[in-house]
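Notes follow once the structure below has been shown.
The values are calculated or read from the model by the stated rules, or taken from the named source; none is laboratory data. None of these values were measured; they are calculated from a predicted model. Cβ placement follows ideal geometry from the backbone for every residue including glycine, while neighbour counts extend to all protein chains displayed. Areas reflect the complete protein model, heavy atoms only, side chains present, ligands, DNA and RNA absent. Shrake-Rupley method; radii C 1.70, N 1.55, O 1.52, S 1.80 Å.
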Amino acid sequence: MLIGNVGKDPDVRYYEQDQAVAQLRLATTEKGYTLQNGTQVPDRTDWHNVVFYRGLAKVVEKYVHKGDKLYVEGRIRYRSYDDQKGIRQYVTEIIAENMEMLTPKQSSHVDQSGMVSDVPVQADETNDRLPF
């Protein structure tokens, strides 16, 4: 589970039979603090690669923009590839299964199927969902 801000507009691509994949970078920040001895510990920001598929990717394309605050649930995926120079690169991604838009102008919950509701729902609930 992550809560953070979108770093730039999502990159959305379509492949076979109108299937979509959206990628974005999400910044999460751990607030700084002051130790008892007066030492200041600064804020720490981490960046996460988040990937959305199918209906959820289409919702991201339509409603998510740079600066928006998101709540994302998903699983971690590790992968590697060889770049153009033949150097092995390692990637850590969050494969999103659920998302809630926390920016005030948007307050809907969206799951992997692209279904939206005004209240967060569990993956097995189907009541009160409106498709996009």
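On the stretch given as the stretch 1-38, residues that are under 22 Å from ASN98 (Cβ atoms), open to solvent by less than 60 Å² (accessible area, probe 1.4 Å) and not in a strand (DSSP E or B) total 2.
Going residue by residue through the stretch 101-109, is there one that turns out to be at pLDDT below 95, under 14 Å from the mean Cα position of the chain (by Cα), part of a strand (DSSP E or B) and not polar (S, T, N, Q)? Within the stretch 101-109, one or more residues are at pLDDT below 95, under 14 Å from the mean Cα position of the chain (by Cα), part of a strand (DSSP E or B) and not polar (S, T, N, Q). Of all residues in the stretch 111-127, none are under 12 Å from the mean Cα position of the chain (by Cα) and modelled with pLDDT of 95 or more.
Taking the stretch 39-51, which residues are assigned to a loop (DSSP other than H, G, I, E, B) and either touching a residue at least 60 places away in the same chain (Cβ under 8 Å) or open to solvent by less than 80 Å² (accessible area, probe 1.4 Å) (or both)?
Applying the first criterion (assigned to a loop (DSSP other than H, G, I, E, B)) to the stretch 39-51 yields 39, 42-43.
Within the stretch 39-51, THR39 is the sole residue that qualifies.
Annotation note: Cβ proximity below 7 Å between a residue of the stretch 83-108 that is closer than 18 Å to ILE3 by Cβ and hydroxyl-bearing (Ser, Thr, Tyr) and a residue that is modelled with pLDDT under 95 and open to solvent by 50 Å² or more (accessible area, probe 1.4 Å) (sequence gap 6+ or interchain) occurs for SER107/ASP118; SER108/ASP118.
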